[in-house]
Amino acid sequence: MQYNCAQQGKSLIDKDRESNMNNGEMLIGWSEVSITPNKRVGLMGQFIERISEYTETEVTATSVAISRGEEAVVFCSCDLVGVTRELVSAVREKITARGGPDPDKVIINATHTHTSLQYKNGLDTLSFSTGILERYLPYEKTEKVTAEDVMGEEEAFDFLAERIAVCIMRAWENRRSGYIDLAFGRAAVGMCRRVCYSDGCALMWGDTSQENFVSLEGGNDSGVELMYFHDTNGSLVGAAVNIACPAQVLEHRLFISSDYWGKVKRRLRKKYGKDFFVLALCAPAGDQCPRDLIRWVAPESPISDPNISREDRVKRRADPSMFDIAGAETVGRRVSDEVSGVYESSTYERAGMEFRHIVKRVLLPIRRVTKAERDEAERKIIEAVSRMDKANFDYSDNAVLYVYAGTVARYETQNSVPEIEIELHTVRIGDAVVSTSPFELFLDFGNQIRARSPAAQTFLIQLAGDSLGYLPTEKAERGGHYSAYVSSGIVGHEGGGILVEEALGEIRRLFEE
C-alpha cells in the first residue's frame, strides 16, 4: 500500500500538515510494505536449519505515525521472530539520513512469527554458544555455504533494514488529520505452554496426559486492547490490535508466512476495504502459545521437534491443529471477528488530546550463573559428546548442547558485562498508555504492570526495540526447561521485577505531571 503524491501535491499537503500542527491537531499516517524476499530464505526461530519452500502468505512491515505539535511516535510492527538492536539501529540511521522522524520516537516490534526471514545477528546467543561448543565437539568446524537461490543472512539484514525504513518514512509522510478511538475486546488465542509435574519440574510443550501432570504453570489473558484510527471524515482507516500471544501456529513449517496475522488482515480487508491497516502488537507472552495443551490436537503432518510428540492418541473434540493452516485460520477468525464486532457495537471511546511519548534507558542485571551450575553444564556437555553419533549430529543433541553451552558462556561473561541497557518507551494517548519491552516477557510481568497502571487502558508491546530472549518468572526458573534456562534469555526474574517498577514509574510520570 503506497500513497505517493506528485511533488506539487506534496507541497500543498506539507502546508496543510504544518497548519494542522500549529492548531494542535492529531496527525496520523499509515504504511504497509512487503518484506517478503524474492527468493528462498532461511527461516528464523528453531534450532534446526529450515529453508523456505514457498510463500504461504506475505510477510510485511506495518507502520502508523502519530504526531501532535512537536510530539510524535511511530509504531512499526514486523512479521519477524524478533528485531535486533542492530537492525533497529540500521533502520534509524536510514530514516535520519532521509529527514524522517526523531529516531528515538520510532518503536519497531516483532509479531514473533517463526516463518519469516533469518538475518544477520551480531549478538546471536546461539552463535556465542557455538564458540563454547567448539571446545568440546569432536569435529572440525566447516564454513556454512549458502545456496545461490537462498538469500544469505547479511543480504536479508540489508533487505529488511531498507524495507522497514521505507515503511516508516511513508507512514511519516502520509500523516493527515485524524482521530483515535479506544476500545477493549476478548478473544481466546493465547494459552500457557509450560506444564508442571509432581516432581517440581516444568516443561515447555510438556505432555499433560502423563500421570504426574499437576497444572499449567501460568494463566492466560484473552483481553484484546484496541485502537481504531479514523480520518477527519470519520472513515475507519486501521486498527492497532494488542494480544498476549505470539504468531506461532505455523512455527515448524517450511514456508514463509505471517501466521495468523495474515488471516486477520485478509478478513478485515474483506470487510473494510483493501487499504485497511492492521498494526499487530504482541503483549507479554513468553509463556503463551495458540495451543491448548489440555485438549491436545496433534499436528496434521510430522514435525521435526522431539518436544512435540504425545503417546496420548485420544481424538479430541477441540480446536483444529494449531500447528497447521486450519489453526491459523481459526485464530484469524476469532481475532478479526472481535475487532469488527467491538467496532460495530460502538463500545469504544474517543481518545482525549493528551499525547506524550517518553523514552528511558534502563539498566537491568544479567541473570547470573554460579560456578556449580557452570561446572554441571560442562559435565553434561562432555557426557553428551561422549554419547554422540559423530556421523549423525541430530536436532536433539544440538538443542540440548546449546542450553548447556549458554550456561558456560554466561558464567564467562557475567562479571565483565553485569548489566544490559534496554530502551523503554512509554506513550500516553488520551487516558490510555503504551509501554514496551525488548523481551519475550512472561505473562505475569505484564499482568503486574496492567493491574497497577493508573491508565484506563494499558497496551503492552514485547519484543520491541531489541530481541533479548525470554524473561521468565521465579517459578519458571525453579521449574527449568526451555524458556526458563539461563541460555534462554539474558535477564532473570529479578530483572523482571525491576522492569515492572520502571515501566510503572514512567506510566505514572505521564499521568501525574
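The values are calculated or read from the model by the stated rules, or taken from the named source; none is laboratory data. The shown structure was predicted, so the numbers you read here are calculated from the model rather than taken from an experiment. Every residue, glycine among them, receives a Cβ derived from its backbone with ideal geometry; neighbour counts consider all protein chains shown. Note: accessible area is taken over every heavy atom of the protein model, side chains too, but ligands, DNA and RNA are not part of it. Shrake-Rupley method; radii C 1.70, N 1.55, O 1.52, S 1.80 Å.
If the condition is being on the phi < 0 side of the Ramachandran plot and either more than 28 Å from the chain's Cα centre (by Cα) or open to solvent by 40 Å² or more (accessible area, probe 1.4 Å) (or both), then region 344-356 contributes E344, S345, T347, Y348, E349, R350, G352, M353, E354, R356. Taken over region 326-379, the criterion of being among the basic types (K, R), modelled with pLDDT of 95 or more and within 27 Å of I28 (Cα to Cα) is satisfied by R356, K360, R361. Entry remark, region 216-242: residues being more than 19 Å from V74 (Cα to Cα) and touching a Ser or Thr at 6+ places or on another chain (Cβ under 9 Å) number 4 in total. Among the residues of region 142-161, is any under 26 Å from T436 (Cα atoms), in a strand (DSSP E or B) and at pLDDT 95 or above? No, because not a single residue in region 142-161 is under 26 Å from T436 (Cα atoms), in a strand (DSSP E or B) and at pLDDT 95 or above.
Residues in region 1-55 that are at pLDDT 75 or above and part of a loop (DSSP other than H, G, I, E, B): 18 in all.
Only one entry in A455, A476 is touching a Phe, Trp or Tyr at 6+ places or on another chain (Cβ under 7 Å), modelled with pLDDT of 95 or more, more than 30 Å from G352 (Cα to Cα) and among the small types (G, A, S), namely A476.
No other residue among V81, V74 is open to solvent by less than 30 Å² (accessible area, probe 1.4 Å), part of a loop (DSSP other than H, G, I, E, B) and in contact (Cβ under 8 Å) with a residue 40 or more places away in the chain apart from V81. Identify, from the list I490, I498, I461, I507, the residue that is touching a residue at least 40 places away in the same chain (Cβ under 8 Å) and touching a Gly at 6+ places or on another chain (Cβ under 8 Å). Answer to the check: I490. Scanning region 293-301 turns up no residue that is of a type in the set (S, T, N, Q) and either under 30 Å from D181 (Cα atoms) or at pLDDT 95 or above (or both). Summed over region 357-383, the residues that are open to solvent by 80 Å² or more (accessible area, probe 1.4 Å) and either within 26 Å of E501 (Cβ to Cβ) or part of a strand (DSSP E or B) (or both) give a count of 3.
The set of residues from region 177-220 being open to solvent by 20 Å² or more (accessible area, probe 1.4 Å) and of a type in the set (A, V, I, L, M) comprises A188, M191, L203, V214, L216.
Residues in region 310-341 that are open to solvent by 70 Å² or more (accessible area, probe 1.4 Å) and out of contact with any helix residue (DSSP H, G or I) (no Cβ under 9 Å at 6 or more places or on another chain): 6 in all. Of the helices (runs of 4 or more DSSP H) lying entirely inside region 418-513, those containing at least 3 residues that are surrounded by 20 or more Cβ atoms within 10 Å (Cβ to Cβ) span 443-452, 493-512.
Name the one entry in V241, V224, V237 that is modelled with pLDDT of 95 or more, open to solvent by 30 Å² or more (accessible area, probe 1.4 Å) and either among the acidic types (D, E) or not in a loop (DSSP other than H, G, I, E, B) (or both).
Just one listed residue meets the conditions, V237.
Does at least one position in region 257-276 carry a residue that is touching a residue at least 12 places away in the same chain (Cβ under 8 Å) and part of a strand (DSSP E or B)? Checked against the condition, which is being touching a residue at least 12 places away in the same chain (Cβ under 8 Å) and part of a strand (DSSP E or B), region 257-276 yields no hits at all. Give region 400-417 a look and list any residue that's of a type in the set (G, A, S) and surrounded by 14 or more Cβ atoms within 10 Å (Cβ to Cβ), or say none. A405, G406, A409 - these are the residues of region 400-417 that are of a type in the set (G, A, S) and surrounded by 14 or more Cβ atoms within 10 Å (Cβ to Cβ).
Name the one entry in R98, R170 that is of a type in the set (K, R), at pLDDT 75 or above, open to solvent by 60 Å² or more (accessible area, probe 1.4 Å) and farther than 30 Å from S483 by Cβ. Answer to the selection: R98.
Hey, any hits in region 173-195 for a residue that's in contact with a strand residue (DSSP E or B) (Cβ under 8 Å, 6 or more places away or on another chain) and assigned to a helix (DSSP H, G or I)? Yes, region 173-195 has at least one match.
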